[in-house]
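This report concerns only the one structure given below.
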Amino acid sequence: MTADLVLQNLRQNVEHAKRIVATTVEGLAARPRDCDCGDALAAALITQPADVPVATRRRLGVLLERYWGPAS
Ligand SMILES: [Zn+2]
């Protein structure tokens, strides 16, 4: 086994893993949710929004805006 073969196998495995993740996420998104997992973060946010730096709120906006609104 040469280094080129190892790298070729690694690249193939990466592409295979990407397809698996994409297919899995698509399948999950298509399934109706019948649990409360989607709101789990609501009870986990302990820090007051005003105490979180705006840069952090913006960076985590995709997760936090739902609960705290947009960062100013
Ligand atoms: Zn769930």
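Taking the alpha carbon gyration tensor of the chain, multiplying each eigenvalue by 5 and rooting it gives semi-axes of 38, 20, 10 Å, largest first. Across region 43-48, computed HN-Hα scalar couplings (Karplus, 6.51 cos²θ - 1.76 cosθ + 1.60, θ = phi - 60°) run 8, 9, 7, 9, 5, 5 Hz from first to last residue, x flagging Gly and Pro.
Cβ-Cβ distance of ILE46 and ARG19, R₀ of 30 Å, FRET efficiency by 1/(1 + (r/R0)^6): the value works out to about 0.20. Here the extension length gained between GLN12 and GLU65 equals 15.3 nm, from 0.36 nm per residue of separation less the Cα-Cα distance.
Only the coordinates and a few stated rules stand behind these numbers; no lab work does. All values reported here derive from a predicted model rather than from experimental measurement. Neighbour counts run over all protein chains shown; Cβ positions are idealised from the backbone, glycine included.
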